[in-house]
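I have placed the structure first, in the form of structure tokens, so that the comments after it can refer back to it.
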Amino acid sequence: MPQQFQNLIHGLWCDSSSGQTFENRNPANWKELLGTFPLSTKEDVDRAAAAALTAYRSWRLVPAPERGDILRRTGEIMVRRKDELAEIMTREMGKPLTETRGDVQEGIDTAFYCATEGRRLFGINTPSELRNKLNLSFRVPIGVCGLITPWNFPMAIPTWNLFPGLVAGNTFVFKPAEDTPQTANVLVEILMEAGLPAGCVNIVHGAGSTVGVAITEHPDILAVSFTGSTETGRIVAQNCGKQTKHVCLEMGGKNAQIVMNDADLELALEGVLWGAFGTTGQRCTATSRLILHEAIHDEMVERLTKAAAKLRLGNGLHSTTDVGPVINEKQRKNIEKYVKIGKDEGAKRVLGGEVAGGRAGSTDLRDGWFYQPTIFTGVTPTMRIAKEEIFGPVLSVLKCRSLEEAIEINNSVIYGLSSSIYTRDVNAAMRAVRDIEAGITYINSATIGAEAHMPFGGVKATGNGHREGGWAVFDFYTEWKSVYIDYSGKLQRAQIDNS
Ligand code: UN1
């Protein structure tokens, strides 16, 4: 019998009111059933929201430094359990252990960052325009928040939201991705072991179309954070807009790495291999386009194709694996669709372009959702494979003649999350920093690798103006309270001529 996992409501593990479940399988070997999880309903979300509201009434009164202490203990437990957590994550979403360990580390960094933020959460004081009067403004919690997270960073992304949200005094209804439900359960177990009171984080597993929608429509859930596709994010925003909820959206990307003719090509090569094929290309920050200066185009393509052909596909639990499977059948079909589109558009496939077969050690690649690292050259900015997010190990190579053209190509897509330029020319680098339309720009480094204490997010269709991470995430998870203290002992009227 597979292990049966449950929802968490007010500190108690429970089944869904539907009595139904869904399966969690290993994408590297779909014969391996990791467990079943509740296929939850709107009623389950209602119960979770009620629990979160009850918990909120006392949690908001706990001093922020004390809330931060719970996060510090959470981080300490995560440090102790890092390898075990990484293994659970690799089994359920496929990326190699080195990467899942990094994902846990991002959660640990977020825990310690947010723990100390409990002793800051600075407010702003200003002079009053009147005598004998004091003006203060400080951050207060919002209340119950909804959190809908993806499977590609099953630890980092939930922690980017839960930890700052909790230290600021909010409580949560949390719907993790159906592909990574177990990581979410373990994370919240750790929070409770660290002392988080019951009801502060409630987990409701299930489908976006029921649980996700119910979160966006629940009147007691005042803020919703969503990370996923732009298509779904727009639905989340529309639903939240009807009740004027706060909503933080982290959505698609079509990130480019630019390589200029004066770049260190070896460094640029390492960067694009990591950026395009790390996490099997399934990062919001993945390098999906490579924009090469014409002078180094052919040499770079040759070196890249040779190096990418050597990447070893396999089960992420094996130390010899460079690239794991893609997450599921739907995602692999989507990749196949885009590879066909690329061929039909006239791009030249110089590597991959097929479902992966054969064996890798003891792994039969045909039992998992493996796809070969794929490179297209001769891509032009108007092709769909140059514009649309694929979310897989597929790289589109474009050619440019100048820095201006490279930046223009970079900016020609609707998205703007991450970006990168390789050059030794400091003036070119500074112009790229100024002119690239993206929330994140790397100089001489890959498009992936954002640090937990820096603002994370994108411009244009990638986001809606909010940021996760760093000090910026607190702008989403708090409201400002302005306080006026009049100690003059008489009625002083602001803005009124008092002559
Ligand atoms: C994501 O791609 O969804 O910068 C998050 C990075 C990671 C986070 C990625 N630190 O690639």
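The values are calculated or read from the model by the stated rules, or taken from the named source; none is laboratory data. Just so it is clear, the structure is predicted and the values come from calculations on it, not from any experiment. Cβ: placed from backbone, ideal geometry, glycine included. Neighbour counts: every protein chain shown. Just the protein is used for accessible areas: all its heavy atoms, side chains included, with ligands, DNA and RNA removed. Shrake-Rupley method; radii C 1.70, N 1.55, O 1.52, S 1.80 Å.
For the stretch 114-151, the set of residues classified as part of a loop (DSSP other than H, G, I, E, B) and within 23 Å of Ala223 (Cβ to Cβ) consists of Gly118, Arg120, Leu121, Phe122, Gly123, Ile142, Gly143, Thr149, Pro150, Trp151, listed by residue number.
Scanning the stretch 404-433 for residues that are out of contact with any Ser or Thr (no Cβ under 7 Å at 6 or more places or on another chain) and under 29 Å from Ile341 (Cβ atoms) gives Glu404, Glu405, Ala406, Ile407, Glu408, Ile409, Asn411, Ser412, Val413, Ile414, Ile421, Tyr422.
List the helices (runs of 4 or more DSSP H) that sit entirely inside the stretch 201-299 and contain at least 3 residues that are away from the ligand (no atom under 16 Å from the Cβ) and more than 24 Å from Asn7 (Cα to Cα). Spell out how you get there, then give the answer.
Values: elements: 213-217, 230-242, 265-277.
Ranges flagged: 230-242, 265-277.
Filtered by the rule that a residue be touching a Cys at 6+ places or on another chain (Cβ under 9 Å) and within 16 Å of the ligand (Cβ to nearest atom), the stretch 465-494 gives His466, Arg467, Glu468, Val473. Considering the stretch 1-113, the qualifying strands (runs of 3 or more DSSP E), each wholly inside and each with 3 or more residues that are over 30 Å from Arg366 (Cβ atoms), run over 7-9, 12-14.
Is there a residue being more than 26 Å from the chain's Cα centre (by Cα) and either surrounded by 19 or more Cβ atoms within 10 Å (Cβ to Cβ) or in contact (Cβ under 8 Å) with a residue 12 or more places away in the chain (or both) anywhere in the stretch 67-84? Before you say what the answer is, go through the steps one by one.
To start, the set of residues in the stretch 67-84 that are more than 26 Å from the chain's Cα centre (by Cα) comprises none.
No, because not a single residue in the stretch 67-84 is more than 26 Å from the chain's Cα centre (by Cα) and either surrounded by 19 or more Cβ atoms within 10 Å (Cβ to Cβ) or in contact (Cβ under 8 Å) with a residue 12 or more places away in the chain (or both).
Going by the conditions given, is Thr149 in contact (Cβ under 8 Å) with a residue 12 or more places away in the chain, among the hydroxyl-bearing types (Ser, Thr, Tyr), within 16 Å of the ligand (Cβ to nearest atom) and under 24 Å from Pro181 (Cα atoms)? Judged against the criteria, Thr149 is a match.
State all residues of the stretch 339-366 that are in a helix (DSSP H, G or I) and buried (at least 16 other Cβ atoms within 10 Å of the Cβ); if no residue qualifies, say none. Within the stretch 339-366, Val339, Gly342, Glu345, Leu365 meet the criteria.
Would you point out which residue out of Glu106, Glu84 is away from the ligand (no atom under 13 Å from the Cβ) and at negative phi? Exactly one of Glu106, Glu84 is away from the ligand (no atom under 13 Å from the Cβ) and at negative phi, namely Glu84. Take the residues in the stretch 152-187 that are touching a strand residue (DSSP E or B) at 6+ places or on another chain (Cβ under 8 Å) and small (Gly, Ala, Ser), then tell me which one is nearest to the ligand (Cβ to nearest atom). Looking at the filtered set, the residue picked out is Ala184.
Just checking, how many residues over the stretch 236-248 are buried (at least 17 other Cβ atoms within 10 Å of the Cβ) and over 19 Å from Glu468 (Cα atoms)? Number of matching residues: 1. State yes or no: is Leu269 in contact with a helix residue (DSSP H, G or I) (Cβ under 7 Å, 6 or more places away or on another chain) and open to solvent by less than 10 Å² (accessible area, probe 1.4 Å)? Criteria not met by Leu269. Considering the stretch 418-465, and only residues there that are touching a Gly at 6+ places or on another chain (Cβ under 6 Å) and under 13 Å from Ile407 (Cβ atoms), the residue that is surrounded by the fewest Cβ atoms within 10 Å (Cβ to Cβ) turns out to be Glu437. Residues that are exposed (fewer than 12 other Cβ atoms within 10 Å of the Cβ) and among the charged types (D, E, K, R) within the stretch 472-499 comprise Lys481, Lys490, Arg493, Asp497, listed in sequence order. When Thr98 is tested against (1) more than 16 Å from the ligand (Cβ to nearest atom); (2) surrounded by fewer than 19 Cβ atoms within 10 Å (Cβ to Cβ); (3) more than 22 Å from Pro455 (Cβ to Cβ), exactly one condition is not met: (1). Taking the stretch 417-445 as the range and being near the ligand (Cβ under 10 Å from one of its atoms) and over 17 Å from the mean Cα position of the chain (by Cα) as the test, only Tyr442 passes.
Per-residue answers, yes or no, for (1) under 19 Å from Gly416 (Cβ atoms); (2) open to solvent by 10 Å² or more (accessible area, probe 1.4 Å); (3) touching a residue at least 24 places away in the same chain (Cβ under 8 Å):
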residue: Leu187; (1), (2), (3): no, no, yes
residue: Cys200; (1), (2), (3): no, no, yes
residue: Gly206; (1), (2), (3): no, no, yes
residue: Ser209; (1), (2), (3): no, yes, no
residue: Ile221; (1), (2), (3): no, no, yes
residue: Glu250; (1), (2), (3): yes, no, yes
residue: Leu265; (1), (2), (3): no, yes, yes
